[in-house]
Amino acid sequence: IMVGTGKGAENGILIKSAESLETAHLVNTVILDKTGTITEGTMDCKETVVLDELFEAQVPKALASLTAALEDHNATFTAIAAKFTDPAPWRAEKTAPFSSRTKWSGATFEDQGTYILGAAEFVMPARDPYLQEALYEYSRDNRVLLLAHSDMPLGAEGLPSGLHPVALILLQDNIRKAAPATLRYFKEQGVVCKVISGDSVETVSGIACRAGVENWD
């Protein structure tokens, strides 16, 4: 045990108990979280895919105004704010911050209606085939958020009626530098790695593929 603890320390491994060292050789499956384990917990906003050309000029204005109006200091909003750095052109009349329950955030802007940003399956659960196909295509390599617009204001609770898909926001999680080598080591030792995550299956599979998780598909 003393030798094993010393070897572990040389390789940056902290052994918390003798039992954990003794039973390590019995492990055949490791269950991983995604955010903060395989990924750094940060992301980059790669691009926007406009779904309605009538809103093409409005998309960057909406995103700049949303990130300015909402105090959602999470990795998603940080990445979007870093991409759309122009001053917010619209004044928010009412806001709805991101909630882990609703999976969306939004704001009603003066003379501009309401813009909602969030997971498509929560923002527009009844999706047309065109939107569903676009989501499937881009989710294989990205984390995808839907930007939707409504002429109606935010209510006391829930989404406004008449939501219309405007654009897809493509973000990419940054993989931890050590993750691929660690996953390779597990594979060499005959240990199977599995990922459990609250994100969409397509998004998690794409990240697992980039990181080198076996059977990512």
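Got the relative contact order for the range 145-194 handy, in percent, Cα pairs under 8 Å and 6 or more residues apart?
30
From the P(r) of the chain, can you give the percent of Cα pairs sitting at distances over 26 Å? Mind showing how you got there, number by number?
Working: 10509 of 23436 pairs.
Cα-Cα pairs in the chain separated by more than 26 Å: 45 percent.
Send over a whole-number figure in Å² for the accessible area per residue of the chain, probe 1.4 Å.
Ligands and nucleic acids excluded, the figure is 58 Å² per residue.
Can you give the calculated 222 nm mean residue ellipticity of the chain, where each DSSP H run of n ≥ 4 adds -39,500 (n - 2.57) and the sum is split over every residue, rounded to the nearest 500 deg cm²/dmol?
The helix contribution divided over the chain gives -9500 deg cm²/dmol.
I need the shape label for the range 37-109. Rule: rounded when a/c is under 1.5, else prolate if a/b > b/c, else oblate, with a, b, c from the alpha carbon gyration tensor.
Verdict is oblate for the range 37-109.
Quote the relative contact order of the chain in percent (integer), defining contacts as alpha-carbon pairs under 8 Å separated by 6+ residues. Can you show the working numbers first?
On the way: 353 pairs, mean separation 52.6, N = 217.
For the chain, the relative contact order is 24 percent.
Kindly write out, for the range 157-169 in residue order, the coupling ³J(HN,Hα) from the Karplus curve 6.51 cos²θ - 1.76 cosθ + 1.60 (θ = phi - 60°), rounded to whole Hz, with x marking Gly and Pro.
7, x, 7, x, 6, x, 5, 10, x, 10, 7, 9, 9
Heavy atoms only, probe 1.4 Å: what % of the accessible area of the chain goes to carbon and sulfur, would you let me know?
Solvent-exposed carbon and sulfur of the chain make up 52 percent of the total.
Loop only per DSSP, at most 16 neighbouring Cβ atoms within 10 Å: give me the trypsin sites (Lys or Arg not before Pro) in the range 142-217, ordered by residue number.
Listed in order of number, the matching sites are R176, K177.
I want the local charge near V192. Using Cβ-Cβ distances under 15 Å, sum +1 for each Lys or Arg and -1 for each Asp or Glu among the other residues.
0
The values are calculated or read from the model by the stated rules, or taken from the named source; none is laboratory data. As the structure is a prediction and not an experimental result, all values here were calculated from the model. Cβ sites come from the backbone with ideal geometry, for glycine too, and all protein chains shown count toward neighbours. Protein only, heavy atoms only, side chains kept; ligands, DNA and RNA dropped before computing areas. Shrake-Rupley method; radii C 1.70, N 1.55, O 1.52, S 1.80 Å.
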